[in-house]
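Below is one structure, written out as structure tokens; comments come after it.
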Amino acid sequence: MSNDEIEANERAYRRLLEDLFEARRRAWLGGSESARTRHRERNRLLVRERIELLLDEGSPFVELGELAGEGMYEGVAPGAGIVTGVGLIRERACMVIANDPTVKGGTYFGMTCRKHVRAQRFAMQHRLPCVTLVDSGGAFLPDQANIFPDDGLFGSIFRNQVEMSGRGIAQIAVVLGACTAGGAYIPALCDEVVIVRGKGFMFLGGPQLVKAATGEIVDAERLGGADMHSRVSGVTDHVADDDGHAMAIARQLVQELPPMRAPLRDRAPVREPARPVTDVYRIVSANPRKPTPAREILECLLDGGEMTEFKAEFGPTLITGFARIGGWQVGVLANDGVLFTECAAKATHFIDLCCKRDIPLLFLADVSGFMVGLEAEQGGIAKAGARFITAMSSARVPRFTIITGGSYGAGYLAMCGRAFRPNAMFMWPNGRAAIMGPEQAALTLAMVKRQNLEAQGLAWSDDEEEAFKAPIREQYETFAAARNFARHLWVDGILDPAETRPVMTLLLDLASRVPSEPTQFGVFRM
């Protein structure tokens, strides 16, 4: 690679990072300036200020769904009006779920529901206590089709709370503002509830609704304020004077919980990678059609840049091996080209080994798919690919996926795509995923169009064909982009490559504290 090409790659990648950081900045701001000003004038903290007080000083905070809902709702910032992520409270890892009242009053859109549910599922999987900072006007009524009727929406929040309670996973709610209608059940289903006097209110129907329904005239304080719920109804358990006091009480309640489980896997001393992780910016080509050398990427991510490779000479376009990240052992599967029958056989064998040895799996996806053609089909690639998918799907060790380049078709699925529920899934800013690549999609649909026209005896010029292909390419490129996957919550977020090691280190630590279930593989077609 020439110096000019390296410099062009880095310039292109840093532009991607600038766009990512600008989207994050908008997400961190939350609502409009006027909404934030009004909130402060009421002597209340902004959502991220609350989280900062709640977490230990210097605690990491790994956000999930940071850009969820970006551009999907008018006047709603990236994040869909809720902040979710994992941080340390009194040296104990917890899931924090916090409404942002400056975004449409903290109301729930469809994506808000999905993001809340995703955070709960992560907490259940890793047995993390949940601390929910409630400040929400409830459902955004015009979006009811995406909030109310289906699994994975608002009702699933309640179901998950009940399931976590049954599993002994602690849940603490802090009512900092409005908590109305069905949303009042969120704190009511928690183990312990803190409410702020004069600012926190809980009721199934607010004063206006009560008057309309019963004719009764009652103010918010008497109907659902801190004194009423703490002295009369017993719905809340602790009263705070202000936001800061509420965070202090929540921290104390977390301290009273049983301590974190000790890791069940050994951690070796941490070693820095063989190359600076920022070299990734120079390695990834500015031309998405040019493959990224996977081994160079691994040198930037793995401890010491080292891996004990498994079947190095067999199916070489899928790299498999044992390595460490942040001292934690992982079984790595990294694409280095198209998937052949041999790659699938190697992956199946390797996943089986990792399951038997209780080693987490890390999928680094950058693949155009499985090989096609007469030779591949006669060689049983469908059968081999099915075995790969069966092994990956059956594995009950922790599984993590990072899309480091393009990830298409069945290759996306086999590399532990979202449908297979990896513990966590992220993309790099250059990441892309779709049923097929833009050029392949345009060519395939153009061939169908040409065949239909020829069957009718009609001609189709090259210029007409290109005009047909251009919008298809654009549509697929837009769909496949990392930002599109992040806004739809099809991944948990977009990582700067430089963030990959610290994030993976934290995730592997969390996973090490939960016993793995025994793996029972599905049928392997031979």
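If you scan the range 391-412, which residues turn out to be out of contact with any Cys (no Cβ under 9 Å at 6 or more places or on another chain) and either part of a loop (DSSP other than H, G, I, E, B) or open to solvent by 10 Å² or more (accessible area, probe 1.4 Å) (or both)? Those that are out of contact with any Cys (no Cβ under 9 Å at 6 or more places or on another chain) and either part of a loop (DSSP other than H, G, I, E, B) or open to solvent by 10 Å² or more (accessible area, probe 1.4 Å) (or both): Pro398, Thr404, Tyr408, Gly409, Ala410, Tyr412.
Annotation note: of Val83, Val76, the sole residue that is part of a loop (DSSP other than H, G, I, E, B), of a type in the set (Val, Ile, Thr) and free of Cβ contacts under 8 Å to residues at least 60 places away in the same chain is Val76.
If I ask for residues that are surrounded by fewer than 16 Cβ atoms within 10 Å (Cβ to Cβ) and among the aliphatic types (A, V, I, L, M), which ones from the range 492-513 would you list?
Initial filter on the range 492-513 (surrounded by fewer than 16 Cβ atoms within 10 Å (Cβ to Cβ)): 498-499, 502.
Residue satisfying the conditions is Ala498 alone.
Within the range 138-159, identify whether any single residue is in contact with an Asp or Glu (Cβ under 9 Å, 6 or more places away or on another chain), of a type in the set (D, E, K, R) and not in a loop (DSSP other than H, G, I, E, B), and answer yes or no. Within the range 138-159, one or more residues are in contact with an Asp or Glu (Cβ under 9 Å, 6 or more places away or on another chain), of a type in the set (D, E, K, R) and not in a loop (DSSP other than H, G, I, E, B).
Ser233 meets the conditions (1) more than 28 Å from Gly168 (Cα to Cα); (2) out of contact with any strand residue (DSSP E or B) (no Cβ under 7 Å at 6 or more places or on another chain) in every case but one. The failed one is (1).
Taking the range 15-56 as the range and being part of a helix (DSSP H, G or I) and open to solvent by 100 Å² or more (accessible area, probe 1.4 Å) as the test, the residues that pass are Arg15, Glu18, Arg25, Trp28, Glu33, Arg38, Arg40, Glu41, Glu52. Could you please find all residues in the range 107-140 being of a type in the set (Gly, Ala, Ser) and at pLDDT below 95? Ser136, Gly137, Gly138, Ala139 - these are the residues of the range 107-140 that are of a type in the set (Gly, Ala, Ser) and at pLDDT below 95.
Looking only at helices (runs of 4 or more DSSP H) that lie completely in the range 187-291, which have at least 1 residues being within 30 Å of Lys356 (Cβ to Cβ), in contact (Cβ under 8 Å) with a residue 12 or more places away in the chain and open to solvent by less than 80 Å² (accessible area, probe 1.4 Å)?
Working: elements: 207-214, 220-224, 243-255, 280-283.
It comes to none.
For the range 313-356, a tally of residues being part of a helix (DSSP H, G or I) and open to solvent by less than 10 Å² (accessible area, probe 1.4 Å) returns 7.
When you check Gly406 against the structure, is it touching a residue at least 40 places away in the same chain (Cβ under 8 Å), closer than 20 Å to Gln475 by Cα and not aliphatic (A, V, I, L, M), yes or no? Against the criterion (touching a residue at least 40 places away in the same chain (Cβ under 8 Å), closer than 20 Å to Gln475 by Cα and not aliphatic (A, V, I, L, M)), Gly406 qualifies. Per this entry, Phe479 is not counted among residues that are open to solvent by 40 Å² or more (accessible area, probe 1.4 Å) and modelled with pLDDT under 95.
When you scan the range 114-138, how many residues do you find that are over 26 Å from Pro398 (Cβ atoms) and not charged (D, E, K, R)? Residues in the range 114-138 being over 26 Å from Pro398 (Cβ atoms) and not charged (D, E, K, R): 5 in total. Cβ separations smaller than 8 Å between residues 6+ apart or across chains give the following pairs from the range 93-122 residues that are of a type in the set (Lys, Arg) to residues that are part of a strand (DSSP E or B): Lys115/Ile82; Lys115/Thr84; Arg118/Thr84.
Quickly run through the range 413-424 and pick out the residues that are open to solvent by less than 40 Å² (accessible area, probe 1.4 Å) and either within 15 Å of the chain's Cα centre (by Cα) or closer than 19 Å to Asn484 by Cβ (or both). The answer is Met415, Cys416, Gly417, Pro422, Asn423, Ala424. Counting the residues of the range 431-444 that are open to solvent by less than 20 Å² (accessible area, probe 1.4 Å) and touching a strand residue (DSSP E or B) at 6+ places or on another chain (Cβ under 9 Å) gives 5.
Say whether the condition of being in a loop (DSSP other than H, G, I, E, B), among the small types (Gly, Ala, Ser), free of Cβ contacts under 8 Å to residues at least 40 places away in the same chain and open to solvent by 10 Å² or more (accessible area, probe 1.4 Å) is met by at least one residue in the range 374-381.
Scanning the range 374-381, I find at least one residue that is in a loop (DSSP other than H, G, I, E, B), among the small types (Gly, Ala, Ser), free of Cβ contacts under 8 Å to residues at least 40 places away in the same chain and open to solvent by 10 Å² or more (accessible area, probe 1.4 Å), so the answer is yes.
Residues in the range 292-312 that are assigned to a loop (DSSP other than H, G, I, E, B), at pLDDT 95 or above and polar (S, T, N, Q): 0 in all. Screening the candidates Phe388, Phe468 for the property of being surrounded by 21 or more Cβ atoms within 10 Å (Cβ to Cβ), in a helix (DSSP H, G or I) and touching a helix residue (DSSP H, G or I) at 6+ places or on another chain (Cβ under 9 Å) yields one hit, Phe388. The set of residues in the range 62-78 being over 18 Å from Val117 (Cα atoms) and either touching a His at 6+ places or on another chain (Cβ under 9 Å) or open to solvent by 60 Å² or more (accessible area, probe 1.4 Å) (or both) consists of Gly71, Met72, Glu74, Gly75.
So, in the range 425-465, of the ones that are in a helix (DSSP H, G or I) and within 30 Å of Tyr281 (Cα to Cα), which residue ends up farthest from the chain's Cα centre (by Cα)? The qualifying residue farthest from the chain's Cα centre (by Cα) is Ala442. Of the residues in the range 103-127, how many are more than 21 Å from Asp151 (Cα to Cα) and either open to solvent by 10 Å² or more (accessible area, probe 1.4 Å) or within 16 Å of the chain's Cα centre (by Cα) (or both)? Adding up the residues that qualify gives 4.
The values are calculated or read from the model by the stated rules, or taken from the named source; none is laboratory data. Given the structure is predicted, the values throughout are model-derived calculations rather than measurements. When we count neighbours, we look across all protein chains shown, and the Cβ atoms used for this are built from the backbone with ideal geometry, even at glycine. For accessibility, only protein heavy atoms count, side chains too; no ligands or nucleic acids. Shrake-Rupley method; radii C 1.70, N 1.55, O 1.52, S 1.80 Å.
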